[in-house]
1. Quick one: what pairs do we get from region B:63-92, first residue within 11 Å of chain A (Cβ to nearest Cβ), second part of a helix (DSSP H, G or I) and charged (D, E, K, R), C-beta under 6 Å, 6+ apart or different chains?
2. Where residues in region B:207-226 are among the small types (Gly, Ala, Ser) and assigned to a loop (DSSP other than H, G, I, E, B), which of them is nearest to B:Thr271 (Cα to Cα)?
3. Out of B:Gly298, B:Gly343, B:Gly336, report the one residue that is touching a residue at least 40 places away in the same chain (Cβ under 8 Å) and surrounded by fewer than 22 Cβ atoms within 10 Å (Cβ to Cβ).
4. Could you list all residues from region B:334-388 that are closer than 15 Å to B:Gly298 by Cβ, among the β-branched types (Val, Ile, Thr) and touching a strand residue (DSSP E or B) at 6+ places or on another chain (Cβ under 9 Å)?
5. Test of understanding: among B:Phe397, B:Phe322, which residue is aromatic (Phe, Trp, Tyr), surrounded by fewer than 24 Cβ atoms within 10 Å (Cβ to Cβ) and at pLDDT 95 or above?
6. Name the one entry in B:Ala246, B:Ala167 that is touching a helix residue (DSSP H, G or I) at 6+ places or on another chain (Cβ under 9 Å), part of a helix (DSSP H, G or I) and not acidic (Asp, Glu).
7. Does any residue of region B:189-198 turn out to be in the same structural domain as B:Ala77 (by TED's automatic domain parsing), free of Cβ contacts under 8 Å to residues at least 60 places away in the same chain and among the small types (Gly, Ala, Ser)?
8. Only residues that are crowded, with 24+ Cβ neighbours inside 10 Å and of a type in the set (Gly, Ala, Ser): list them for region B:163-190, please.
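The values are calculated or read from the model by the stated rules, or taken from the named source; none is laboratory data. From a predicted model like this one, the values you see are computed outputs, not experimental measurements. Positions of Cβ are backbone-derived with ideal geometry, glycine not excepted, and every protein chain shown enters the neighbour counts.
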Amino acid sequence: MSDLHDEVAQRLSDTLGIDKSIITPDVTFVELRIDSLALVEFSVVLDEEYGVPPLELTPDSTIGEAVALVAAARNGTAEATS
Amino acid sequence: MSARPAVAVTGLGLVSPLGTGLDATWAGLLAGVSAAATDSLLEGLPVDFCCAVPDFDADALLGRALAWRLEPYAQMALVAARQAVADAGLDPASWDGARVAVVLGVGGTSTRHFDKQFKQFAAERHDRVSPLFIPRCLTNLAAGEISGDLRAFGPSLSVSTACASGATAIGLGRDLLLSGSCDIAVVGGAESGRSRATSVGFSRMGALSTRVGAPAEASRPFDADRDGFVLGEGAGILVLERADEARARGARVHGHVAGFGASADAYHFTTPDPEGRGTELATRTALADAGMTASDIGHVNAHGTATQLGDEAEAAMLGRVFPHAPPVTATKSLTGHALGASGALEAAFTLLALAHRRVPATANLDRVDAAAGELDLVVDKPRDVTAGAALSTSFGFGGQNAALVLTAA
């Protein structure tokens, strides 16, 4: 897994208290038992930290998709999500 | 009025600026050192000190997955509730949750999150406002969290009478038990004044001590040089059961809630009635409720916040009601003012004092105010007492008052 995955997983763990060991690229937010309120809270963190536009993530998004959004935002191409 | 049956206190849970748990709290009460200190959270504000709960690690105590969504006051409430239930020897996994009530006193909405969220509003970044903005503003959510955590399916209530909230919750929980609405009542108060918005707000009212640079000397109830209260935080939770049922299950009993009195000043929205008619009514009602006379009271844990008007009015009231001048202590000199939690914390302190037959001393009482000259204030060191009944008073903005008569086991 990439350094960026590790970084995003750490943010998720810090924000919502999810055990980092179960945060893999293929797992979805629903599978991590992250409800809609918690997902919005995490989306605000991604927006503040990386400039990921809000409302891009859904409960069925995977962590890999979230990492791709972060990578795209860093490259200034946030629209070109995976 | 004939006395109501006493209700047993079978569990105590405490999170306060003196520490977490009964032993740390009692040690802090006897040590007699104010918990007030400069706080980096309040850096740059006109009043940059408060009484914070030391070493409170909500992540470790509750788990991060639960702690993240709770404001600090709710974290403290939950920790204290779990403590109290464990202390009572009760197990939520096996009790009949439909017969368990929760009544929590919370004075004001949590304001710790305001700074960050209001910046988003000001910048019109509504898409960055936390989805927990409203839940974190609701004063009833901590009671709901306790109910959920303890599988308590009975009445779950939040009561707000400002700084009397914790004591009012104990009284109402007692009444739920005596009315038969529940068999176990988990009651108390929780609030955190450790917040930039709260510090600024009370500071603008002129309610806070401004002894910046000497915070440990700032909380001075009944002292001639007092200049306002010091913000505190915490949670005090009591488990109440009908005394005969507590005895029947062999529960260890800390003491009893023997009497409760509630009243309104009906005078002014923040200024206490200088004649103390409302506070006197609450006190006399609590005595009558317990079937006692004033002379039965062996010590008083005063509301004593260290405001000019409040202490003066309370001293006059206590002098009128208790001509035998029982020992009086004001533990906010140690803990600061935990607002809606204070009445519950002080009820628990009073029960501990009754159990140990020792009344903690009031700190920073160097020169007793002339208005309190008739009181027998406990100073310098704890005082041993023999009487088994005590009074704890709590008065809130809004002129809402509560008094509890508590007795030893």
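1. B:Ala67/B:Asp59
2. Checking each candidate, the answer is B:Ala207.
3. Numbers: B:Gly343 fails: surrounded by fewer than 22 Cβ atoms within 10 Å (Cβ to Cβ); B:Gly336 fails: surrounded by fewer than 22 Cβ atoms within 10 Å (Cβ to Cβ).
Result of the check over B:Gly298, B:Gly343, B:Gly336: B:Gly298.
4. B:Thr350, B:Val359, B:Val378, B:Val385
5. On the way: B:Phe397 fails: at pLDDT 95 or above.
Result of the check over B:Phe397, B:Phe322: B:Phe322.
6. Checking each option against the conditions leaves just B:Ala167.
7. No, there is no match, as no residue in region B:189-198 is in the same structural domain as B:Ala77 (by TED's automatic domain parsing), free of Cβ contacts under 8 Å to residues at least 60 places away in the same chain and among the small types (Gly, Ala, Ser).
8. B:Ala164, B:Ser165, B:Gly166, B:Ala167, B:Ala169, B:Gly171, B:Gly173, B:Ala185, B:Gly188, B:Gly189, B:Ala190
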